[in-house]
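Quick note: the coordinates plus some simple rules give every number you see, no bench work behind them. None of these values were measured; they are calculated from a predicted model. Cβ: placed from backbone, ideal geometry, glycine included. Neighbour counts: every protein chain shown.
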Amino acid sequence: MTQVDVLERRVLFEGRVFRLRQDRIRLPNGRETTMDIVEHRGAVLILPIDEKGNIWFTRQYRYAVNQTLLELPAGTLEPEENPLVCAQRELREEIGFMALEWAFLGSLYPAPGYTTEKIVAYLAQQLKPAPLEHDSDEIIEPVALPWPQVWHMVREGEIQDGKTLAALFLAFPYLQTLEAKP
C-alpha cells in the first residue's frame, strides 16, 4: 500500500452531512501537494424487489444537478449506526415498505478521488407495507418498474444515478433471472 505523509490538516467547513478538510501531503516520490477531502459518514443503498419482480425506485429532485432522478432508495448513516439498521429504516421512509429478506450486495466508494464516503448495498425482498414519514427535506415519489424496463432505461441512459447503476451491476446475475410476473 502506498504511504503518504500528512504534513498539515485543516478543517475548512463542517456541515450537517459532511465535513470538508484540506490536507497538505508528501507523496512517496517526495512531491508535496494539497488534497481537498469531503469526509462523509457513509450511506446505504437498497435494491428492493417485490413479489411481482418489480424493482422499487424513488423519483427525487436533486438540487445539486437541478434534475429529478430515478434512484434506488438510499440514505446517510447516523453516527455509529449499523448499515443494515439504516437500510431497514430508509426503505420504510422512502418507499413505505419493510423487507423480510435481506442480502448484502457489496460496498462501493462513489468518488474516492475526493470523498471518504462508502456506500453499503443490500438486496431487499418479501416487501410488506410499513411506511415511515419522509425526511423533511425530501420530496420522493416511489416507482415500481419491471426488470426488462429497468434494463432498457439503463441502456438508454435514462438512469443516471451512479450508486443506482452500481447496485444494479452488483445484482445483475440475480436480476437477469427476473421475468415479468402477473
Simple label model, 7 Å out from Cα along Cβ direction - residue 172 to residue 20, nm: 3.5
Descending semi-axes in whole angstrom, ellipsoid equivalent of segment 88-182, from the Cα gyration tensor: 21, 20, 15
Total formal charge among the other residues, if their Cβ is under 13 angstrom from that of residue 86, Lys/Arg +1 and Asp/Glu -1: -3
Protection proxy ranking of 70-80, 9-19 - average other beta-carbon atoms within 10 Å, highest first: 70-80, 9-19
Segment 12-44 and segment 84-162: distance between their alpha carbon centers, rounded to Å: 27
Alpha-carbon spread of the chain, three principal axes, descending order, Å: 63, 33, 31
Total lysine pairs under 22 Å (Cα atoms) in segment 48-182, excluding pairs fewer than 8 apart on one chain: 4
Packing-based ranking, highest mean first, of 103-115, 122-134 given that Cβ atoms within 10 Å are counted: 122-134, 103-115
Computed magnitude of the charge dipole of segment 43-175 (debye, nearest 20; Cβ of K, R +1, Cβ of D, E -1): 420
